[in-house]
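K.L.:
I have a structure here, written as structure tokens, and I will follow up with some questions on it.
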């Protein structure tokens with residue numbers, strides 16, 4: 001449930017408090033992007049405090065003492081959160097708002113969204129969800145949680161191998177591959193009703209479903225013609241089109257934000273990234289400079305500027321490159337990157353002891369924050385957008 005905020009008048013929180021967006025003499029605020037921002041939190045406790053601290057640190061901020069902070073977060077909680085954001089040394093707050101309705105946890109997420117939007121200038125992400133694969137023993141299932149790993153729920157009960165969850169825009173359901181009925185099937189799972197239907201059940205491979213951002217089409221990997229190639233259909237499964245026609249092994253399609261292009265992995269010896277029009281035509285290699293080994297698991301950022309991917313063989317790294325190709329940046333050790341709606345944060349998996357866990361990466365600062373973990377080994381995260 002999304003929280004609505006209410007600007008507070010001067011007499012509610014402090015003697016002379018203003019919502020900066022409503023004033024003629026707006027207080028200017030820098031929007032730092034690439035450095036860790038020191039920020040303090042005061043007046044909150046328990047769940048409200050922990051949610052605010054996690055959310056802000058996930059976006060490249062460091063919780064510190066007031067005398068070392070660039071920004072001060074303060075307020076009260078009594079059934080609803082009343083909070084304000086101030087620049088260090090300023091005589092008055094940048095703004096003050098109240099968050100009513102729902103649980104304290106949801107109110108704190110909404111407050112943190114407003115803070116990050118002000119300081120970082122990004123799209124809010126703290127009320128979004130992720131899906132991922134979780135493995136217990138030899139079986140795997142698909143789970144869904146809040147972006148930070150809280151309130152995780154296993155939504156499938158296939159008791160077999162599953163992989164590749166992909167959100168349907170609007171968050172109403174998922175596509176994923178399951179071996180529940182013997183062979184590979186792409187299933188569509190309705191999160192509200194729990195009902196499933198077979199979306200693709202052709203002889204051979206039925207893998208890697210990816211729903212276009214406009215919700216109209218699905219890219220997938222099928223081997224119905226022999227080799228595992230890239231295919232596209234409408235959202236109802238009709239009008240199946242064969243996009244690639246090589247003997248190479250294709251995998252991991254991801255859509256451009258305008259739903260017109262697809263980036264995917266083509267393996268002919270070394271795995272490389274290629275792009276193709278969603279309406280057909282020749283595929284072309286995406287020129288990526290500065291990283292080596294196999295390039296896999298691409299994900300196109302919602303703003304269209306970047307493609308994140310995994311590089312390496314044996315030891316894996318999260319990298320990003322311009323969507324049109326060019327110099328790549330190697331960021332952190334890990335694999336399976338997926339962009340948040342803000343085109344700044346990436347959820348990925350990394351090895352921790354004898355299992356894999358999910359972590360959040362703030363790309364500009366390279367700050368990593370582990371999410372709340374459930375039992376089992378977690379991988380293949382997908383962010384609802």
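Nothing in this text is a laboratory measurement; each read-out follows from the coordinates by a stated rule. Just so you know, these numbers come straight off a predicted model, no measurement behind them. Because the Cβ atoms are built from the backbone with ideal geometry, glycine has one as well, and the counts that use them run over all protein chains shown.
K.L.:
Run the numbers for residue 180 and residue 76: contour at 0.36 nm per residue of separation, minus the present Cα-Cα distance, in nm.
P.N.:
Once the chain is fully extended between residue 180 and residue 76, it gains 32.4 nm.
K.L.:
For the ranges 56-68, 190-202, what's the packing order if you count other beta-carbon atoms within 10 Å of each residue, average per peptide, and put the highest first?
P.N.:
56-68, 190-202
K.L.:
Can you tell me which of 36-42, 174-180 comes out highest on packing, and rank the rest after it, using the mean Cβ neighbours within 10 Å?
P.N.:
The densest-packed peptide leads the list: 174-180, 36-42.
K.L.:
Still on this structure: What FRET efficiency would be calculated for the residue pair residue 154, residue 333, taking the C-beta separation as r and a Förster radius of 25 Å, to the nearest 0.05?
P.N.:
It comes out at approximately 0.35.
K.L.:
OK, next. What is the distance in Å between the Cα centres of the stretch 355-385 and the stretch 287-334?
P.N.:
Value for the Cα centre distance between the two parts: 17 Å.
K.L.:
Given a Förster radius of 22 Å and the C-beta distance between residue 42 and residue 91 as r, what FRET efficiency does 1/(1 + (r/R0)^6) yield to the nearest 0.05?
P.N.:
That gives a FRET efficiency of 0.80.
K.L.:
Estimate the FRET efficiency between residue 105 and residue 284 by the formula 1/(1 + (r/R0)^6), using the beta-carbon distance for r and 51 Å for R0, to the nearest 0.05.
P.N.:
0.65
K.L.:
Once you have a ≥ b ≥ c as the square roots of the Cα gyration tensor eigenvalues for the stretch 156-282, tell me rounded if a/c is under 1.5, and otherwise prolate or oblate according to whether a/b is larger than b/c.
P.N.:
Oblate, since a/c reaches 1.5 and b/c is not below a/b.
K.L.:
Full-extension gain between residue 135 and residue 352, please, as 0.36 nm times their residue separation minus the C-alpha to C-alpha distance.
P.N.:
Net length gain for the segment: 76.7 nm.
K.L.:
Still on this structure, I have one more. Report relative contact order for the stretch 249-377 in percent, whole number only (criteria: Cα-Cα under 8 Å, sequence separation at least 6).
P.N.:
15 percent
K.L.:
From the Cα gyration tensor of the stretch 129-383, with a ≥ b ≥ c the square roots of its eigenvalues, which class applies: rounded if a/c is under 1.5, or else prolate if a/b is larger than b/c, or else oblate?
P.N.:
It is rounded, given that a/c, with a ≥ b ≥ c, falls under 1.5.
K.L.:
Additional query: Express as a percent, rounded to the nearest 5, the fraction of DSSP beta bridges in the chain (both residues included) that run antiparallel.
P.N.:
Looking only at bridges with both residues in the chain, the antiparallel portion is about 90 percent.
K.L.:
Between the alpha-carbon centers of the stretch 85-159 and the stretch 181-219, tell me the distance in whole angstrom.
P.N.:
Distance between centres, Cα-based: 27 Å.
K.L.:
In whole percent, what relative contact order does the chain give with Cα contacts below 8 Å and a gap of six or more residues?
P.N.:
12 percent
K.L.:
Then there's this: How far apart, in nm, are two points set 7 Å out from the Cα along the Cα-to-Cβ line at residue 366 and at residue 239?
P.N.:
Placing both labels 7 Å along Cα→Cβ, they lie 4.5 nm apart.
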